[in-house]
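Have a look at the structure below before the remarks.
The values are calculated or read from the model by the stated rules, or taken from the named source; none is laboratory data. Note that the coordinates shown come from a computational prediction; the quantities given were computed from them, not determined experimentally. Don't worry about glycine lacking a Cβ; one is built from the backbone with ideal geometry, like all the others, and counts go over all protein chains shown.
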Amino acid sequence: MTAHNEAKVGEIAPNILLPGDPLRAKFIADNYLENVKQYNSVRNMFGFTGTYKGVPVSVQGTGMGIPSISIYVHELLANYGCKNLIRIGSAGAIHEEIKVREIILGTAASTTSGVNKDRFNGLDFAPAADFDLALAAAQSAEELGFALRKGTILSSDIFYDDNPKFYEKWAKYGVLAVEMEAAGLYTLAAKHRARALTLVTVSDHIVTGESTSAEERQNTFTQMMEIALESLVKMHAKG
């Protein structure tokens, strides 16, 4: 057990999905996993382990922002030995041609956070997805017939930015969307020699103002969930 997770060692699978919303974790456990056991309810940040197509899979809520996901990911890596971690979250698109409900694979994550500046004494670290896990996701999306946009994303510390045009420079440099966690996940996975990937569904559009409801974000981003689950099956088969 850790300060934030009441699971015993062995109750969390090496393959794990990381939604920010703990209710999305419950939705996945209820609808996709078999032989499910809930291993965590500390702070209502639910965690479940079951099987998907016979492969052990866990799903753990992580909350919002790099500080929150970093707590859970550190413990999952340092205390529970997780090896393949896929964040399944939501993001705001910053290009007009990207539509709400599109799925984006975050190949790397720029960030406005100061966490890595502190960690690397003011120097820059490039948080990037694991290639093999990204390849498994791309192949899974193609096999499922789901469109998957690939490119860099921005992990922001600020949800309500005072500058309504903050995204313009990031968009100019090819960043596809804004979320709040990937840079933290990628950094810790690199430190612990684990594989990590971020898949996000576009829940709102920062340019056009289009958005989805909280219930939709919790229960309807199923294509992203299925790509992630199939990716973990592929990684499990590779050993």
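Tabulated results
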| read-out | value |
| --- | --- |
| Any hit, segment 42-60, residues being modelled with pLDDT under 95, out of contact with any Pro (no Cβ under 7 Å at 6 or more places or on another chain) and on the phi < 0 side of the Ramachandran plot | yes |
| Cβ pairs under 6 Å, 6+ apart, first in segment 108-125 and within 8 Å of residue 183 (Cβ to Cβ), second surrounded by fewer than 18 Cβ atoms within 10 Å (Cβ to Cβ) | 113/157; 116/125 |
| Helices (runs of 4 or more DSSP H) wholly inside segment 96-184 containing at least 3 residues that are within 20 Å of residue 204 (Cβ to Cβ) | 167-172 |
| Options 26, 53, 8; residue that is of a type in the set (Lys, Arg) and touching a Phe, Trp or Tyr at 6+ places or on another chain (Cβ under 7 Å) | 26 |
| Scope segment 1-52; condition surrounded by fewer than 23 Cβ atoms within 10 Å (Cβ to Cβ), among the small types (Gly, Ala, Ser) and not in a loop (DSSP other than H, G, I, E, B); matching residues | 29, 50 |
| Residue in segment 7-21 that is under 14 Å from the mean Cα position of the chain (by Cα) and among the polar types (S, T, N, Q) present | yes |
